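The values are calculated or read from the model by the stated rules, or taken from the named source; none is laboratory data. Computed from a predicted structure; not experimentally measured. Cβ placement follows ideal geometry from the backbone for every residue including glycine, while neighbour counts extend to all protein chains displayed.
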Amino acid sequence: MMPRRIAHSLSCLALAAASPALADDGRLSLVGEMRLRAEAIDGQARAGFDSRDTLLSLRTRLRADYDAGAVRFGAEMFDSRAYGADPGTPLSTSEVNTFELVQAYIAGDIDEPWGEGTRLSLTAGRMMLNLGSRRIVAADDYRNTTSGYTGMRADLTAPKGIRASFIYTLPQMRRPDDPADLRDNRPKIDRESFDAVLWGGLISRDAMIGRAMLEISFYHFGERDSPRLATRDRSLDSFGGRLIAEPAPGRVDYEVELLGQRGSISRSLAADAGRQAVRASFVHADIGYSFRTAWKPRLAIEFDRASGDRAGGRYGRFDTLFGMRRADLAPSGIYAAIGRANIVTPGIRLEAAPSRRLDGFVVYRPMWLAADQDAFSTTGVRDPAGRSGDFAGHQVEGRLRYTLVPERLRLEVDAVLLAKGRFLREAPNATRKRWTRYGSFNLTASF
């Protein structure tokens, strides 16, 4: 018999899909979304967790917006829960964050503050952020929880395709963070404080080189120990540039982003730990072509490299901070083995959208370590002696999405197959099985 939890969740999704929008009178709008996810893994690649595992997740989002003319108000509640976890499940605040008001802000626009064609938008309060490529600051969508930020944001548009965004925020620290509380889905209010501060921004201009947009970015993240949380006391400056020509039918598209990271970090969580200078880097590059056919296929070649830590006085592991991982590398969830750290990986990607209701992609990538004495990517698998080689394995990832009811109900299926290379088989704390198989089924209802 179907477990009561799953039956109840499916009933809620069905009702949500059949419901009309709650309100939309031009001034007040209320919308919501429920996503039910069932995921399973066999041959877990991350060290310290069950080799075989399953997890059921439910994420509910409720959003209200009110347009008062001169100003706008917005609020959004996330309720993210996970069921079926045991002490060996990789459960964290990436899966559980119950009854949290992630957004609660006031915003307004100022027309022509610096002459004709300029506009300034200001936002203050709790908010979600997706800036630039989203590789440093993002609100991850595949993940069961999201990232929230409390502070101020300014967005400027100007003639000739010039845009700029600036932020000063306190990232919200998701709670609960205790393993037992996470398994119980216990509600606790997220915290923000000046013990963790993120500020910076980006400037871009359209058609800077041909049809390509040029973007320059800088972000500073600083943290320090609080009475309840020990940290690595990161003080990181992340700066970079991006050139991107968006995909278009019958045309070549491309993107290149270079990011450097400087600053300092404590050698451990100990209060009296010494500090290391940080010298880290990241590069992403891809080139693709979109064919003029009914299925709208796009074929692309990609490359990503995130530095790792090597022996010596400087810390070299790249920190993606609050960036997403799914769009470039792999799903999170109970897989979450591939992230933007200590990795070198080319890839080939094929995307297609046969209809307005169906789309999908498949990606193949071999993977190496950038530094063979550091942990590979986000697996936690490490050989401090560097004797296990630097080849991590082959990964094939795919996604298929189909809209069952337009604007109401969507099905998504995700799958990953990882053939472990020498490093993930022979490192001292490598997991036992030679293959990792991951899959998830997602049903999303919007109302």
**Q.** Meets criteria (free of Cβ contacts under 8 Å to residues at least 40 places away in the same chain, over 15 Å from residue 368 (Cα atoms) and either more than 22 Å from the chain's Cα centre (by Cα) or not in a loop (DSSP other than H, G, I, E, B) (or both)) for residue 443
**A.** no
Q: Enumerate the pairs (first residue in segment 392-410 and surrounded by fewer than 17 Cβ atoms within 10 Å (Cβ to Cβ); second residue anywhere and polar (S, T, N, Q)) with beta-carbon separation below 6 Å, excluding pairs fewer than 6 apart on the same chain, so at least 6 apart or on different chains.
A: 408/446
Q. Listed residues 65, 25; which is of a type in the set (Asp, Glu), out of contact with any Asp or Glu (no Cβ under 6 Å at 6 or more places or on another chain) and either at pLDDT 95 or above or closer than 24 Å to residue 151 by Cα (or both)?
A. 65
Q: Sort through 165, 147 and tell me the only one that's of a type in the set (S, T, N, Q), touching a Leu at 6+ places or on another chain (Cβ under 9 Å), under 30 Å from residue 55 (Cα atoms) and buried (at least 19 other Cβ atoms within 10 Å of the Cβ).
A: 147
Q.
For residue 289, only one of the following conditions fails: (1) more than 23 Å from residue 319 (Cβ to Cβ); (2) touching a residue at least 60 places away in the same chain (Cβ under 8 Å); (3) part of a strand (DSSP E or B); (4) not polar (S, T, N, Q). What is its number?
A. (2)
Q. How many residues does segment 355-388 hold that are crowded, with 16+ Cβ neighbours inside 10 Å, in a loop (DSSP other than H, G, I, E, B) and either among the aliphatic types (A, V, I, L, M) or within 20 Å of the chain's Cα centre (by Cα) (or both)?
A. 10
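Only one residue in 78, 99 is under 14 Å from residue 185 (Cβ atoms), surrounded by fewer than 16 Cβ atoms within 10 Å (Cβ to Cβ) and not basic (Lys, Arg). Which one?
99
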Q. Which condition number in (1) within 26 Å of residue 65 (Cβ to Cβ); (2) touching a Lys or Arg at 6+ places or on another chain (Cβ under 8 Å) is the one that residue 137 fails?
A. (2)
Q) Any idea how many residues of segment 216-227 are buried (at least 18 other Cβ atoms within 10 Å of the Cβ) and under 17 Å from residue 129 (Cα atoms)? A) 3
Q: Would you point out the residue of segment 276-288, among those that are surrounded by fewer than 19 Cβ atoms within 10 Å (Cβ to Cβ) and in contact with a Lys or Arg (Cβ under 7 Å, 6 or more places away or on another chain), that is nearest to residue 248 (Cα to Cα)?
A: 283
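Tell me, which residue of segment 389-432 that is assigned to a strand (DSSP E or B) and farther than 23 Å from residue 363 by Cβ is nearest to the chain's Cα centre (by Cα)? Steps first, answer last, please.
The initial filter retains those residues of segment 389-432 that are assigned to a strand (DSSP E or B), namely 391-405, 409-420.
With farther than 23 Å from residue 363 by Cβ added as a condition, the list becomes 404-405, 409.
Values: 404: 26, 405: 27, 409: 23 Å.
Among residues in segment 389-432 that are assigned to a strand (DSSP E or B) and farther than 23 Å from residue 363 by Cβ, the one nearest to the chain's Cα centre (by Cα) is 409.
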Q: Among the residues of segment 77-100, count how many are among the β-branched types (Val, Ile, Thr) and in a strand (DSSP E or B).
A: 1
Q: Might you let me know whether segment 294-302 holds any residue that is of a type in the set (D, E, K, R) and more than 29 Å from residue 356 (Cα to Cα)?
A: no
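Do we have any residue at all in segment 66-76 that's in a strand (DSSP E or B) and among the aliphatic types (A, V, I, L, M)? Spell out how you get there, then give the answer.
Here is the first cut: in segment 66-76, the ones in a strand (DSSP E or B) are 66-67, 71-76.
Cutting the leftovers down to among the aliphatic types (A, V, I, L, M) gives us 71, 75.
Yes, segment 66-76 contains a residue that is in a strand (DSSP E or B) and among the aliphatic types (A, V, I, L, M).
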Q: Kindly indicate the residue of segment 55-86 that is out of contact with any helix residue (DSSP H, G or I) (no Cβ under 7 Å at 6 or more places or on another chain) and touching a residue at least 60 places away in the same chain (Cβ under 8 Å) and also farthest from residue 34 (Cα to Cα) among those meeting that condition.
A: 86
Q: Within segment 298-330, track down each residue that is of a type outside the set (D, E, K, R), more than 18 Å from the chain's Cα centre (by Cα) and crowded, with 19+ Cβ neighbours inside 10 Å.
A: 300, 307, 308, 315, 316
Q) Which ones in segment 196-238 are in a strand (DSSP E or B), among the hydroxyl-bearing types (Ser, Thr, Tyr) and under 26 Å from residue 279 (Cβ atoms)? A) 217, 219, 235, 238
Q) How many of the residues in segment 90-141 are of a type in the set (Phe, Trp, Tyr) and either in contact with an Asp or Glu (Cβ under 8 Å, 6 or more places away or on another chain) or closer than 20 Å to residue 168 by Cβ (or both)? A) 2
Q) Quick one: which of 341, 277, 337 is closer than 29 Å to residue 219 by Cβ, at pLDDT 95 or above, assigned to a strand (DSSP E or B) and among the hydrophobic types (A, V, I, L, M, F, W, C)? A) 277
(Q) Regarding segment 127-142, can at least one residue be identified that is surrounded by fewer than 18 Cβ atoms within 10 Å (Cβ to Cβ), touching a Phe, Trp or Tyr at 6+ places or on another chain (Cβ under 8 Å), modelled with pLDDT under 95 and not β-branched (Val, Ile, Thr)? (A) no
